[in-house]
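Q: Quick one: structure below, then a few questions.
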Amino acid sequence: MTGTAPAIELRGISKAFGPVQANKDISIRVMPGTIHGIIGENGAGKSTLMSILYGFYKADKGEIFIHGQKTVIPDSQAAIAAGIGMVFQHFKLVENFTVLENVILGAEDGRLLRPSLARARKELKRLAEEYELNVDPDAVIEDIGVGMQQRVEILKALYRQADILILDEPTGVLTPAEADHLFRILDNLRNGGKTIILITHKLREIMEITDTVSVMRRGQMTATVTTAETSPEELAELMVGRKVLLRVDKAPAQPGDVVLAVENLNVTDEKGVQKLRDVSLSIRAGEILGIAGVAGNGQSELLEVLGGMCTATGRITLNGDDIDLSGRQSDGQSRRARGIAHVPEDRQREGLIMDFHAWENVAFGYHTDPAWRRGPLMDNAALQADTARKMEKFDVRPPDPWLAAKNFSGGNQQKIVVAREIERNPTLLLVGQPTRGVDIGAIEFIHNQIVALRDQGAAVLLVSVELDEILSLSDRVVVMFDGQIMGDGPASTANQIGLGCLMAGMGGADTTAMAGWTISDAAAPELMQEG
Amino acid sequence: MDYMTLLLILDSTVRLGTPLLLACLAGLFSERAGIFDIGLEGKMLAAAFFSGAVAAVSGSVWLGLLAGIGASLVLSALHGLASITFRGNQLISGVAVNFLAAGMTVVIAQDWFHQGGRTPSLMGGGRFTPITLPFAETLQDVPVIGPLYYHLISGHTALVYLAFACVPATWWLLYRTRFGLRLRAVGENPAAVDTAGVSVVGLRYAAVAICGILCGIAGAYLATALQAGFVKDMTAGRGYIALAALIFAKWRPWYALSATMLFGLLQAVALRYQNIDLGSFTIPVQVMDALPYILTVVILAGFVGKAIPPRAGGEPYIKER
Amino acid sequence: MDKMPKWADVILIPLISLLLAAILSALVILAIGEDPWAALKMMVQGALGSTYGWGYTLYYATNFIFTGLAVAVAFHARMFNIGGEGQAMLGGLGVALVCLFIPWPHWTLAVIAATISAGVFGALWAAVPAYLQAKRGSHIVITTIMFNFIASAVLNYMLVNVLRPQGAMDPATAKFPAATHLPTLHELLLPLGIKFSKAAPANVSLLIALAACVLVWLLIWRTRLGYEIRAFGFSESGAKYAGISPVKITIVAMLISGALAGLMAINTTMGEAERLVLNATEGAGFIGIAVALMGRSHPFGVLLAAILFGFLYQGGAELALWTNIPREMIVVIQALVILFTGALDNMVRIPLEKLFLSLRRKEG
C-alpha cells in the first residue's frame, strides 16, 4: 500500500427501510485533511449514510474503514472512540447548561466536575485560538444564537478528540455572516489536519469550501469529482438528473383575473428565525403556480399562512378582499369559508387523523358544514354516502368508508385528502407535496385532478420538492431559497439546470437564459470568491 | 406571641417539615432525570408501614428503616419498569403506585397485626429517639441563644439531621459531580446524553432508585420518629404537598428546603391554632390547609416567578436517528 | 397498518390486563391465608346474589359511571383529569345548596335543579385548571391534584363554619327536606310489580347515569364538538390544520369532564346520604381513572367497567364483613387495574402485537 490511507472509506454500504432502499451500494474515500462535500436532493439518502457512520443505524451490507482500519460502529460511543464527531442539523445540546457543561457532558475526566471543567476551559481557549472557535465558556446555551450553538457542537466533537467531523446541513440555520464564519472555521480545521464531511444541498457552499464532492441521488452515489474540476452547472445536473418527465396532458392555461395576491409577506418563527422575507406573488384564475425549492426554504410557511395555520405580517388578498393574517379570522375554518382548500404537505400529521375512519376524514376541516348537520348532531349517514361517492370517483381502494385512514396505502390516503379538497370546488387550491410517497398510478390521477380543477377556473398554488412535478404541472414557476423568491417565470421556458441553480440560491448564465424569467437580485449572480 | 411559643412553633415546623423535605428531594432526583413522580405519597406510605412493622417485630428501628427503604425501592422499581422500560404513562403509573400502597399496607397490616390496619405502638429501640446535642443542657439558660439551641436545634431524631444534611449533599451531587451533570442533562435533553454515549435508561433508573431511598427514609420517619407506629393512610397527602413544594422550589435543592419548611410552618400553625384571629376578621384553619396548594397553583400559572419543569419530564425517551 | 385487529385492542387487551390484576389479587389473598376461590364466590353472592347486593353494586356503579365518563371525556382530548374527586366534592356543594335553600314542591323539579347545579359547580372547579392548561401551559395533572386538596379545604370550611346546623357536632349539613328525596330502585320498581330491596341505596340517579352514558356517546361520536375533541386528542397538528382551536377544546372538554364528575353528587348526596357530609366522594373520583382506562374511554366500556367496580366495592365490603380480607383489598385491585390497563399497557400490548403479526405472516 502506498501513500496515506483515507481517513474514511466506505465500501458498498446498503441500507433499506422496509421496501425503501435508502442507501444502495455506496462507496466513498475521503483523504485526511480534506473537506468532502456530499450533495443531493431531499431524500437522496445523505442523512441515512451519515447516521450509519455515527452508529445510529446498522448497515445491511458494506464495510467502514477508518484510517485504513476496518471498524464496526454499533453505537455513537464507538463512533466517538473511532474519532468521529457529528454536528447534527438539530443540535443535541442541553439548553439550560453552560457551554462548558455541554462540552464535557459524557466526556468527563472523573467523578468530580471541577477538574473536568478546568481542563475543558483551558482546552476551549486553545481551540478558540487555533480555529477561530471563540465562544464564552460560561454562557448558557439558550441565551446564545444558533451560530454560537453550532460552534459548541463543533467544540464538543473536538474536545472528544475527533479528527473526522461530519456536519449535516450546517448552514440551514445560519445567517450569511455566520455561515462565512463557519467556513473560516472549517478551513482552519482542515489546515489543522482534520477531515471534514459536509452534507448540504447548497451548491455555493460546495464550490466555496470543499476539495472533493460526491453527488447522491435516490440512495445511490452518482459521481465523485474534484471540486476544482467541476462546475455548479454540472453538479446541479448530476443532482437532479435527467429524469424522464412525467407527462401531464393539459391544454394551455387560460388565465383569468388575479385570484390571490400576496404582498410583502413576512413570517418569523417562535425561535426568532425569519422564515419568509418580503414574499410577493400572485396567481390568476385558471392557473397553476408551482413553488420550486429545496425543503425548508419557506415554502411550508407560505402554505401554512395561506391555509390559516400560522400568523404573518404583510398583505394577502383573495379576489381583491383582504385575508386576516393574525387575528380571529386567521384559522383554517375561516380560510375554508373563503373558498381556500388545502392539501397539506404532511398528510399523516395534518391532512388526516390516522385513527379516524375514511368518512370522518372526508369531513375533516369541513365538519362544521351545514350540509352535514342534522339538528345538533352531525349527519353521519349523509357523510358516509358522500364518502362512498368520492371514493368511487377518485378510485380510492378499498372503497370502504369505514376503514381507518392508517389502513390505506399512501396513495389512497392522499386521494382521500385530494378528493375532500378538490370536491369543494375551491377558488384557490393549496397543494403541498401532492405525490410524496404516492405510487405512480395515483400520481397521474392526482395530477389530472389538479389540472381539471384549474381548467374549471380555480387558482392553484403547488409546492413540491420534486422538480419534474413542478415542471410538468405548473403554468408558472416561482423558485424559493432562504425564505425569498429567487426567480419567477413561465414553466415552458424553465429548465432543470437553471432551476437547480436558483434553488441553490445562485443566479448566473443558466438562469438568465430562461426566456421570460425575472431573476431576483437576491440570487447571487456568480460565486462569491474566497477571501 | 412570646419567644418560647415561637420556638415551639418553629420546632414543630422542623418536625413536620422533615418528611416533606425528604420526599421533596426524592421527587427532585426523579423529576430532574425526566421521570415525573406523583407516587411519592405511595412510596412514603409503604415505607412507613414496613418500617413500623419491622421495627415493631424486631425491636430495632434501624432494621425498620432498612425495611422501609426496601419497600419504597420496590415501588420505585415498578414505576421505573412502567415508565422507563415499557415507556408507559408516568402519571398513570404514579397513581397506580399510590393506590397499591394505600391498599397493600392495610391488607398486610391487618393480616400481620389484626389491629385494624395499624402496627403495634413502637417502644424503646423501635423508635428513633431525640439526640441532645453537646452543651444543649448547659447552655439552656443563656438568654435568646440558649433556648434556641436547646429547643430548636438540639433534640431532634437522627433522621431530621440526616434530612437537613441531604440538602447540601443533593446540591453537591447535582452540581459538582459527573453523575449530577448527566442526571440533569437526561431530564432536559436525553438525546444529548444519548449521542454523548451515556445510557439514558441507566441514569433514569439510578435517579428513580435514589428517589425510592429518600421516600423510604421519609416514610420511616413518619412511623418511627414523628409517631410511634403505622396507622392507615398516615402520610395524609404529604407526598402531594412535597410535590407542590418541589414545584414551588423550581426543582432546586436549597429552595426545596425553604419551600418544605414554609409548608411545615403552615402545618405547625394550623396544628396549634385552629383559627387565626386578626382582629377584624379571622383566617380559618382550612385556609392554612389549602395554602400550600393555592401557592403552588399560583406559581404554576406563571403569574409570579414561572416554574419551568425539566424539559424532558414525563416523556419516555425513544431513540430517533 | 393496524398491528392487530380492533377487537383485540378493545376487548382482548383489557381482558388480559384484568386477568393479570385478578391473578395478582388472588395471590395476595392466598398470601394472607384466605381462599381466593371462596372469596370470589362470597363476593358474587354478596354483590349479585340478592336485590340488596345488586342495590349496592348499582349504587356504587352509578358513582363510577359519572367519574369514569369524566375521565374518559378528558382522555378523548388527550388530557388526564385526576381532579374528579375535587370536582365531585364541589358538585356535592352545588347539590346541597340547591336542596337546602330552595323549597321544592317535588323531587322531579329538585333533581333537575340539583343536576344542573352539581354540573355547574363541578365544571367551575375544572375551569381554572383548564384555563391554566390552555392559556398558561400549566400541567393539568398537577393543577387538578392541587384543586382536589383545595376542594377538600373549601368543603371542610363550608361544612364546619357555614352549613353545619347550630349545635351539631358533625361536619355535615342538615338533612335535606323530604321533598328532595330521590326515589330508590325499590320505590321505582314497586309499581312494576318487581320487589327490590328497600335497604339498598341505588336510586333514580342510576337512570341519570345511564342517560349520561348515552349523551356522552352522542357527544363524542355524533356531534361536531365531539368530533373536534377526538381530532384534537389524536393529533394537535391535525387540529391546527383543520382550524380547531386548542384553547377552546381544552377548556370545553375539561368543563364537560368536571360537570360529569360533579353529577356524581346527585347519587351520593341527594340520593343516598340526603345531606352533604365531609367524605361524600369516598375516592370515587380516582376510581374513575381505573374505570375509564378499563372501558377504553368508551361510554359503553365505562358502563361495564363501572358495574365491575361496583361489584368489587360491594363484594369487597362483604368480604371485609365475613373474612379476614379488609376492604382495602379493593384498592389493591383498583391499583392493579390502573397499573396493567394504564401504565403497563405496553407490556401486554407489545407481545400481543408480535403474536398477531406472526399469525398474519403464517396466513399470508
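The values are calculated or read from the model by the stated rules, or taken from the named source; none is laboratory data. Please read all numbers here as calculations on a predicted model, not as lab measurements. Positions of Cβ are backbone-derived with ideal geometry, glycine not excepted, and every protein chain shown enters the neighbour counts.
Q: Filter the range C:1-33 for residues that are surrounded by fewer than 18 Cβ atoms within 10 Å (Cβ to Cβ) and either among the polar types (S, T, N, Q) or not in a helix (DSSP H, G or I) (or both) and give the result.
A: If the condition is that a residue be surrounded by fewer than 18 Cβ atoms within 10 Å (Cβ to Cβ) and either among the polar types (S, T, N, Q) or not in a helix (DSSP H, G or I) (or both), then C:Met1, C:Asp2, C:Lys3, C:Pro5, C:Ile32, C:Gly33 are the ones that fit.
One line per residue, one yes/no per condition, for (1) at pLDDT 85 or above; (2) charged (D, E, K, R):
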position: A:Thr175; (1), (2): no, no
position: A:Arg184; (1), (2): yes, yes
position: A:Asp187; (1), (2): yes, yes
position: A:Arg190; (1), (2): yes, yes
position: A:Thr195; (1), (2): yes, no
position: A:Ile206; (1), (2): yes, no
position: A:Thr210; (1), (2): yes, no
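Q: Further, regarding this structure: Which of the residues spanning the range B:250-290 are among the hydrophobic types (A, V, I, L, M, F, W, C), part of a loop (DSSP other than H, G, I, E, B) and either touching a strand residue (DSSP E or B) at 6+ places or on another chain (Cβ under 9 Å) or at pLDDT below 90 (or both)?
A: Passing the criteria: B:Leu278, B:Phe281.
Q: Ok, one more. Search the range A:283-328 for residues being touching a helix residue (DSSP H, G or I) at 6+ places or on another chain (Cβ under 9 Å) and among the polar types (S, T, N, Q), and hand back the single one that is farthest from A:Glu421 (Cα to Cα).
A: A:Asn297
Q: So is C:Ser138 of a type in the set (Gly, Ala, Ser) and under 23 Å from C:Lys248 (Cα atoms) or not?
A: Taking the combined requirement at face value, the residue satisfies it.
Q: Can you name the number of the only condition in (1) polar (S, T, N, Q); (2) over 30 Å from A:Ala107 (Cα atoms); (3) crowded, with 19+ Cβ neighbours inside 10 Å that B:Thr195 fails?
A: (2)
Q: Only one of these conditions is not met by A:Gly410: (1) more than 14 Å from chain C (Cβ to nearest Cβ); (2) surrounded by fewer than 21 Cβ atoms within 10 Å (Cβ to Cβ). Which number is it?
A: Answer for A:Gly410: the failing condition is (1).
Q: Considering the range A:201-233 alone, what residues qualify as being touching a residue at least 40 places away in the same chain (Cβ under 8 Å), part of a loop (DSSP other than H, G, I, E, B) and within 21 Å of A:Phe183 (Cβ to Cβ)?
A: Scanning the range A:201-233 gives A:His201, A:Lys202, A:Thr210, A:Asp211.
Q: Something else about it: Looking only at strands (runs of 3 or more DSSP E) that lie completely in the range A:40-131, which have at least 1 residues being in contact (Cβ under 8 Å) with a residue 12 or more places away in the chain, in contact with an Asp or Glu (Cβ under 7 Å, 6 or more places away or on another chain) and buried (at least 19 other Cβ atoms within 10 Å of the Cβ)?
A: Correct list: A:84-87.
Q: Another question, if that's okay. Which residues, counting only those in the range C:99-109, are surrounded by fewer than 24 Cβ atoms within 10 Å (Cβ to Cβ) and either of a type outside the set (Phe, Trp, Tyr) or in contact with a Cys (Cβ under 8 Å, 6 or more places away or on another chain) (or both)?
A: Within the range C:99-109, C:Leu100, C:Ile102, C:Pro103, C:Pro105, C:His106, C:Thr108, C:Leu109 meet the criteria.
Q: Restricting to the range B:231-249, give me the number of residues that are part of a loop (DSSP other than H, G, I, E, B), within 12 Å of chain C (Cβ to nearest Cβ), touching a residue at least 60 places away in the same chain (Cβ under 8 Å) and under 19 Å from C:Ile82 (Cβ atoms).
A: Adding up the residues that qualify gives 2.
Q: Suppose we keep only residues that are among the β-branched types (Val, Ile, Thr) and more than 14 Å from chain C (Cβ to nearest Cβ) within the range B:250-279. Which one would you say is surrounded by the most Cβ atoms within 10 Å (Cβ to Cβ)?
A: B:Thr260
Q: Do the conditions hold for B:Val107, that is, is it within 14 Å of chain C (Cβ to nearest Cβ) and either touching a Pro at 6+ places or on another chain (Cβ under 9 Å) or in a loop (DSSP other than H, G, I, E, B) (or both)?
A: For B:Val107, the condition - within 14 Å of chain C (Cβ to nearest Cβ) and either touching a Pro at 6+ places or on another chain (Cβ under 9 Å) or in a loop (DSSP other than H, G, I, E, B) (or both) - is met.
Q: How many residues does the range B:137-184 contain that are within 21 Å of the chain's Cα centre (by Cα), closer than 30 Å to A:Ala118 by Cβ and either of a type in the set (Gly, Ala, Ser) or outside any helix (DSSP H, G or I) (or both)?
A: 3
Q: Which of (1) assigned to a helix (DSSP H, G or I); (2) within 24 Å of B:Ser51 (Cα to Cα) does B:Asp194 not meet, given it meets every other one?
A: Just one mismatch for B:Asp194, condition (2).
Q: Okay, next question. Please report, ordered by residue number, the helices (runs of 4 or more DSSP H) entirely within the range C:155-268 with at least 1 residues that are among the charged types (D, E, K, R) and within 14 Å of chain A (Cβ to nearest Cβ).
A: Because the criterion is at least 1 residues that are among the charged types (D, E, K, R) and within 14 Å of chain A (Cβ to nearest Cβ), the helices (runs of 4 or more DSSP H) in the range C:155-268 that meet it are C:205-222, C:224-234, C:236-242, C:246-265.
Q: Right, another one. Could you grab me the full set of residues in the range A:447-473 that are in a helix (DSSP H, G or I) and either out of contact with any Leu (no Cβ under 9 Å at 6 or more places or on another chain) or hydrophobic (A, V, I, L, M, F, W, C) (or both)?
A: A:Asn448, A:Gln449, A:Ile450, A:Val451, A:Ala452, A:Leu453, A:Asp455, A:Leu467, A:Ile470, A:Leu471, A:Leu473, listed by residue number.
Q: Just to check your reading of the model, which residue among C:Val98, C:Val120, C:Val128 is in contact (Cβ under 8 Å) with a residue 60 or more places away in the chain and touching a helix residue (DSSP H, G or I) at 6+ places or on another chain (Cβ under 8 Å)?
A: C:Val120
Q: Taking B:Ala228 as the residue in question, decide whether it is part of a loop (DSSP other than H, G, I, E, B) and modelled with pLDDT under 95.
A: Yes: the conditions hold for B:Ala228.
Q: Separate question: Anything in the range B:110-136 that is facing chain C (nearest Cβ under 8 Å) and either in a helix (DSSP H, G or I) or in contact with a Pro (Cβ under 6 Å, 6 or more places away or on another chain) (or both)? List them, or say none.
A: Those that are facing chain C (nearest Cβ under 8 Å) and either in a helix (DSSP H, G or I) or in contact with a Pro (Cβ under 6 Å, 6 or more places away or on another chain) (or both): B:Gln110, B:Asp111.
Q: With A:Arg284, A:Arg347, A:Arg277, A:Arg335 as the choices, which residue is among the basic types (Lys, Arg), within 14 Å of another protein chain (Cβ to nearest Cβ), under 26 Å from A:Ile470 (Cα atoms) and in contact (Cβ under 8 Å) with a residue 60 or more places away in the chain?
A: A:Arg347
Q: Being modelled with pLDDT under 90, more than 12 Å from chain B (Cβ to nearest Cβ) and part of a helix (DSSP H, G or I) is true for just one of C:Leu304, C:Leu359. Which residue is that?
A: C:Leu359
Q: Here is a further query. Mind listing whichever residues of the range B:84-100 are within 7 Å of another protein chain (Cβ to nearest Cβ) and assigned to a helix (DSSP H, G or I)?
A: Answer for the range B:84-100, where residues must be within 7 Å of another protein chain (Cβ to nearest Cβ) and assigned to a helix (DSSP H, G or I): B:Leu91, B:Ile92, B:Ser93, B:Val95, B:Ala96, B:Phe99, B:Leu100.
Q: Name the residues in the range C:105-154 that are among the polar types (S, T, N, Q) and at the interface with chain B (Cβ under 9 Å from one of its Cβ atoms), would you?
A: C:Ser138, C:Thr143, C:Asn148, C:Ser152 - these are the residues of the range C:105-154 that are among the polar types (S, T, N, Q) and at the interface with chain B (Cβ under 9 Å from one of its Cβ atoms).
Q: With respect to C:Ala231, determine if the residue is in contact with an Asp or Glu (Cβ under 8 Å, 6 or more places away or on another chain) and buried (at least 23 other Cβ atoms within 10 Å of the Cβ).
A: no
Q: Another question, then. Restricting the range C:320-356 to residues that are more than 24 Å from B:Gly80 (Cα to Cα) and out of contact with any helix residue (DSSP H, G or I) (no Cβ under 6 Å at 6 or more places or on another chain), which is farthest from the other protein chains (Cβ to nearest Cβ)?
A: C:Leu355
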